[in-house]
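The values are calculated or read from the model by the stated rules, or taken from the named source; none is laboratory data. What you are looking at is a predicted structure, and each value in this text was computed from that prediction instead of being measured. Glycine gets a Cβ as well: all are built from the backbone with ideal geometry, and neighbour counts include every protein chain shown.
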Amino acid sequence: MTATQTITVDSLISRYGEGIAFVAEEEPATTVHDFTYQVTVAAEHFEGAGINGGDELEVGTQYLADGAGATDETTRAVFLAQAAEYLARANDMADEYRLMV
């Protein structure tokens, strides 16, 4: 049986931060606010490069922010699971962008 890993704000930022930072031309974010800003910039760069999915990433950061601010553990888990789903393609998109620049 495989153990389920708990999704946290930090784990999501860590998982996707480097690729998003590359596209946004910034140092990797360490806060939700900085990560959200970088995703917004990266989404514009993805759009300019013809890479679809930037809007989904922005939705993911909203769920991430909602999860970070949730005081109820169950609500937080739901928001962060949604964030993970919407951010899931971020690294693939960043890799595709790297190949184009």
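For the stretch 1-26, the candidate set comprises residues that are under 19 Å from Gly60 (Cα atoms) and β-branched (Val, Ile, Thr); within that set, the residue that is modelled with the lowest pLDDT is Thr6.
Each residue in the stretch 9-29 was checked for being loosely packed, with under 15 Cβ neighbours inside 10 Å, touching a helix residue (DSSP H, G or I) at 6+ places or on another chain (Cβ under 8 Å) and closer than 26 Å to Thr74 by Cβ, and 0 pass. Scanning the stretch 79-88 for residues that are more than 9 Å from the chain's Cα centre (by Cα) and either surrounded by 15 or more Cβ atoms within 10 Å (Cβ to Cβ) or in contact (Cβ under 8 Å) with a residue 60 or more places away in the chain (or both) gives Phe79, Leu80, Ala81, Gln82.
All conditions in (1) closer than 17 Å to Asp10 by Cβ; (2) acidic (Asp, Glu); (3) without any contact (Cβ under 8 Å) to a residue 12 or more places away in the chain; (4) in a helix (DSSP H, G or I) hold for Asp66, with the sole exception of (3).
Take the residues in the stretch 32-53 that are touching a helix residue (DSSP H, G or I) at 6+ places or on another chain (Cβ under 8 Å) and outside any helix (DSSP H, G or I); name whichever of them is surrounded by the fewest Cβ atoms within 10 Å (Cβ to Cβ). Out of the qualifying residues, it is Asn52.
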